[in-house]
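Take a look at the structure set out below.
Every read-out reported here was derived from the displayed coordinates using simple, explicitly stated rules and does not represent laboratory data. Keep in mind that this is a model prediction, so the values were computed, not measured. Positions of Cβ are generated from backbone atoms using ideal geometry, with glycine treated the same way; all protein chains shown enter the neighbour counts.
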Amino acid sequence: MAIKKVLVVDDSATERHILSEILTKQGFEVVFAEDGEKGVEQSKVVKPDLIIMDVVMPGLNGFQATRAISKDPETENIPIILCTTKDQETDKVWGIRQGAKDYVVKPINAAELLAKIAALG
């Protein structure tokens, strides 16, 4: 599956901007959600090829949103990469258990993120 449309779910305008710069330069169409609830909604409306999900957000956090998206028959096939400042191994293991396909730690390394996207595509 070719990845063209990416949903970025992050409550930080700065992080959304950084991710947008990285992804649009590579030709991806980027759509945004500012929190976990909107991310879950957008996953159904936008039908992205990939979701990049922050973890620490108000309301529904990224782990909860990832679990909701990966357990919903309508969205279960959308790969999710968690993108967070939480860099402990237990966080990574928990994220994968919630349904994420991969995990990157902020500050974002563009080359690492793009390699992980390429591996999923």
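Residue-wise test of (1) assigned to a strand (DSSP E or B); (2) of a type in the set (Asp, Glu).
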{"residue": "ILE69", "(1), (2)": "no, no"}
{"residue": "GLU76", "(1), (2)": "no, yes"}
{"residue": "GLY99", "(1), (2)": "no, no"}
{"residue": "VAL104", "(1), (2)": "yes, no"}
{"residue": "ILE108", "(1), (2)": "no, no"}
{"residue": "ALA115", "(1), (2)": "no, no"}
Unique match (being over 23 Å from ALA115 (Cβ atoms), surrounded by fewer than 19 Cβ atoms within 10 Å (Cβ to Cβ) and of a type in the set (Asp, Glu)) among GLU76, GLU89, GLU21: GLU76
Lone unmet requirement of (1) under 14 Å from VAL9 (Cβ atoms); (2) touching a Pro at 6+ places or on another chain (Cβ under 7 Å) for LYS106: (2)
Matching residues, region 61-93, being small (Gly, Ala, Ser) and over 21 Å from ALA2 (Cα atoms): GLY62, ALA65, ALA68
Close pairs (6 angstrom Cβ cut-off, 6 or more residues apart or separate chains): under 16 Å from HIS17 (Cα atoms) in region 94-121, part of a strand (DSSP E or B) anywhere: LEU113/VAL104
Hits in region 51-78 - residues which are touching a residue at least 40 places away in the same chain (Cβ under 8 Å) and of a type in the set (Gly, Ala, Ser): GLY62, ALA65
